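Asker: One structure, pasted below without further comment.
The values are calculated or read from the model by the stated rules, or taken from the named source; none is laboratory data. Here the structure is a predicted model, which is why all the values come from computation and not from measurement. With ideal geometry, Cβ positions are generated from the backbone for all residues, glycine too; neighbour counts draw on all protein chains shown.
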Amino acid sequence: MQLTGLEAVLLGSLISLLSIAVTVIVMTISNNRQFVRHSECAQRHQTDTVCDQMLTKKIVALETKVSIQFKMLRQIIIYLPIEQEKKAEILNTSGGDVR
């Protein structure tokens, strides 16, 4: 049986398509549908967004508390019985992001 060039190309294309289909079916079965659906992705994104907002609020609250504590400590330094130069050195030290 001899095949023409066109028949050989068509037969090769058919075999390639069948092998791709079999591969997809086997991968779907073996992975047991572990793909993430769009609804699951949207739900995870919403959950992550809520968590990010909560963390941002907590971080802002902590920054505010730290800023208040830093200001209070700077006020305490003024009344400590230490040398004026040491006080000036301590008070002129940057305390990070003070608001």
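Asker: Taking residue 68, is it β-branched (Val, Ile, Thr), at pLDDT 95 or above and either surrounded by fewer than 10 Cβ atoms within 10 Å (Cβ to Cβ) or in a helix (DSSP H, G or I) (or both)? It would help to see each step written out before you state the result.
Answerer: Working: β-branched (Val, Ile, Thr): yes; at pLDDT 95 or above: no; either surrounded by fewer than 10 Cβ atoms within 10 Å (Cβ to Cβ) or in a helix (DSSP H, G or I) (or both): yes.
No; evaluated as a whole, the condition is false for this residue.
Asker: On the given criteria, is residue 61 within 30 Å of residue 94 (Cα to Cα), surrounded by 10 or more Cβ atoms within 10 Å (Cβ to Cβ) and modelled with pLDDT of 90 or more?
Answerer: Details: within 30 Å of residue 94 (Cα to Cα): yes; surrounded by 10 or more Cβ atoms within 10 Å (Cβ to Cβ): yes; modelled with pLDDT of 90 or more: yes.
In short, yes.
Asker: Which of the residues spanning segment 23-53 are modelled with pLDDT of 95 or more and among the β-branched types (Val, Ile, Thr)?
Answerer: Within segment 23-53, 47, 49, 50 meet the criteria.
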